[in-house]
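Step one of this worksheet: look at the structure below.
Values in this text are rule-based calculations from the coordinates and carry no lab data. Quantities reported herein were computed from a predicted structural model and do not represent experimental measurements. In this analysis, Cβ positions are derived from the backbone assuming ideal geometry, glycine residues included, and neighbour counts consider all displayed protein chains.
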Ligand SMILES: C[S@@+](CC[C@H](N)C(=O)[O-])C[C@H]1O[C@@H](n2cnc3c(N)ncnc32)[C@H](O)[C@@H]1O
């Protein structure tokens, strides 16, 4: 950023400009899709997807033949989801209901057999936000339903932190063919990590778009304890294949007594 000086214009990764970059780098990412879809398949019925973004998980869920209510806070991300739905076959599009709402406080007035919160997005909420989310989940799960959510699993079975290096950088090619440099700043044991996305090649363009987000790191053990404290039942912890990041993610299968 300091090398770029005034040429750098910083955006939140979910704002109007940032959401296009997020969408470009993530839309082809298949991380956790297969595992999530397999778990959803086990519980027939309507799906409520939280923090749906531009639909990376929504489209595969619709492809299962389910009705999906897709909750998302950012208008820019919802716009991208609408664009994707407009291009999707009608049989998928007609089963999707996008809703602009905050996942830590929503009231949709109905229950769903499955509630999904993928992409470790629970870590975007603070403790108060998570308490609101758990309360809303209890109000929206149908009897016998499931809450499926992913988070990071910081300390692997060996009890070793994933890395001691605070900074890492890797290159990603987006769906558009554009290449990006992703920079992650995550001091050891810090409870948040900052991800910043630069163009991989910087010519003489001005401004240079740089997108950033800081996400909490919510270890699975802590999340499980919170879920139990909120009256939910953790039924299983499913391991996810590494997604190219320095941390390992898990998918929690949670039951809710209604
Ligand atoms: C990491 S992205 C995941 C998007 C999508 N599920 C995917 O896999 O690409 C997190 C999403 O959560 C949304 N978000 C952040 N805070 C939220 C909140 N309080 N309620 C609903 N959505 C939220 C962001 O706008 C963003 O689209």
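Nearest-5 percent of antiparallel DSSP beta bridges in the chain? Percent antiparallel among DSSP bridges in the chain is about 60. The label-point distance for residue 257 and residue 209, in a model that sets each label 7 Å from Cα toward Cβ, rounds to 5.0 nm. For the stretch 1-22 versus the stretch 50-71, the inter-centroid distance based on Cα atoms is 27 Å. Relative contact order of the stretch 1-94, taken over Cα pairs closer than 8 Å and 6 or more residues apart, is 27 percent. To the nearest 10 degrees, how steeply does helix 127-140 sit against the main Cα axis of the chain, on a 0 to 90 scale? Result, in degrees: 40.
Projecting label points 7 angstrom from Cα along Cα→Cβ for residue 108 and residue 135 puts them 1.9 nm apart.
Relative to the dominant Cα principal axis of the chain, helix 220-229 is inclined by about 40°.
Here 12, 24, 6 are placed in order of increasing Cβ neighbour count within 10 Å, fewest first, which gives 6, 12, 24. Listing 227, 50, 59 from fewest to most neighbouring C-beta atoms within 10 Å gives 59, 227, 50.
Remark: spin-label model distance residue 42-residue 83 equals 3.7 nm, labels positioned 7 Å along the Cα→Cβ axis. The value of relative contact order for the chain, using C-alpha pairs under 8 Å at least six residues apart, is 20 percent.
Taking 0.36 nm per residue of separation and subtracting the Cα-Cα distance, full extension of the segment from residue 67 to residue 29 would add 11.4 nm. Extension gain for residue 175-residue 222 works out to 13.4 nm (0.36 nm per residue, less the C-alpha to C-alpha distance). The alpha carbons of the chain occupy a box of 58, 48, 29 Å along the principal axes, longest dimension given first.
Helix 16-26 sits at what angle to the longest principal axis of the chain, using alpha carbons and giving 0 to 90 degrees rounded to 10? Taking Cα atoms only, the helix is inclined about 80 degrees. Estimated purely from DSSP H runs of n ≥ 4, each contributing -39500 (n - 2.57), the mean residue ellipticity at 222 nm for the chain is -7500 deg cm²/dmol once divided by its residues. In this structure, residue 8 and residue 100 have a Cβ-Cβ separation that, at R0 = 25 Å, corresponds to a calculated FRET efficiency of about 0.25. Each of 58, 188 has some number of other Cβ atoms within 10 Å of its Cβ, and from fewest to most they run 188, 58.
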